[in-house]
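Below: the structure, in structure tokens.
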Amino acid sequence: MKKTNLFLVLVLTVATCIQTKAQLTKVALISVYGNRNLSDNPLEKAMNEALLNDTSFNLAPFVEKFCGVINNDLLKEFPFPFVPKEEVLNSPGYKELAQFTGYTASGSGYNAIEGKVPLYNVAQGYIPIASFGIIDDVKAIKKSFEILPPDVDGVMIAYLSFKLVDQAGAFGITIKKVQAYANIKIFNKEGKRIFKLKDWESSKGGITAVYGYVAETKKIMPHIQDASNILFESMKKKMAKSLAKLAKKIEKDKED
């Protein structure tokens, strides 16, 4: 089932990218971050808030590794060039894009609990810009084109998310695994998504939960690390290979 899901995502990616190739001259990666919210289930609110309030629940190391995989392994495989990372982060006005991020930086999504707890760990130098589909920071996305080189006609946002998923259980006791998701999207100057790439992997081991509550939150971190490591290897092997094939196909189509 998992391989089928990944295959379908890659097929969609190939089709979308072929359609948008003619539109994209150069792209800039403008946001990389990790979402600390592990569950949207109201029944798991107590567990989720305990995690968000726990300073040891820090996704920064995984976000930095995620950022490295994208910048060092994936971007070079796309069939169009990217603006160098430092040029994006040092662009005058880049940090000020946070003013236009109504959901992530200044809204309720960023200050998840009483305005005190950040919901996101952000890759060094970047700012969080929402690209969740239902909620996108369209104003920030559009504004980013004003501070980037004039030949940039696409911006990429990448975020890492994790979910605790029940694997088995009975009588209120369940075994949960961590699922790690990589989400990579490109938007045009109108703030419309024109490219989407997603992969996910599960941790090998699980965590015991009682009525949805994980008693010792520190036990979650090793499983987040495990799921992340498996995911990043998957991205480097599967996605880079698929994107390389896509680039060759596009070049062949151009020659024909």
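Between residues in the range 130-147 that are more than 23 Å from P92 (Cβ to Cβ) and of a type in the set (A, V, I, L, M, F, W, C) and residues that are surrounded by fewer than 17 Cβ atoms within 10 Å (Cβ to Cβ) and modelled with pLDDT of 90 or more, which pairs lie under 9 Å by C-beta distance while being six or more apart or on different chains?
Listed pairs, sorted by first residue: none to list.
Conditions (1) at pLDDT below 90; (2) touching a strand residue (DSSP E or B) at 6+ places or on another chain (Cβ under 8 Å); (3) assigned to a helix (DSSP H, G or I), marked per residue:
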position	(1), (2), (3)
S161	no, yes, no
V165	yes, yes, no
A227	no, yes, yes
K241	yes, no, yes
L246	yes, no, yes
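Going residue by residue through the range 198-209, is there one that turns out to be surrounded by fewer than 20 Cβ atoms within 10 Å (Cβ to Cβ), at pLDDT 80 or above and on the phi > 0 side of the Ramachandran plot?
No, the conditions are met nowhere in the range 198-209.
Scan the range 71-99 and report the pairs whose first residue is among the polar types (S, T, N, Q) and crowded, with 16+ Cβ neighbours inside 10 Å and whose second residue is assigned to a strand (DSSP E or B) and at pLDDT 95 or above, with Cβ atoms within less than 9 Å and a gap of 6+ or a chain change.
Partner pairs satisfying both residue conditions: N71/L29; N71/V32; N71/F82; S91/A28.
So which helices (runs of 4 or more DSSP H) stay within the range 1-71 end to end and still have 2 or more residues that are touching a Gly at 6+ places or on another chain (Cβ under 9 Å) and modelled with pLDDT of 80 or more?
By residue number, 60-69.
Matching residues to (1) more than 13 Å from the chain's Cα centre (by Cα); (2) surrounded by fewer than 24 Cβ atoms within 10 Å (Cβ to Cβ):
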{"position": "V138", "(1), (2)": "yes, yes"}
{"position": "K143", "(1), (2)": "yes, yes"}
{"position": "D151", "(1), (2)": "yes, yes"}
{"position": "A158", "(1), (2)": "no, no"}
{"position": "L164", "(1), (2)": "yes, no"}
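The values are calculated or read from the model by the stated rules, or taken from the named source; none is laboratory data. Computed from a predicted model, the values in this text were never measured in an experiment. Backbone-built Cβ (ideal geometry, glycine too); neighbour counts: all protein chains shown.
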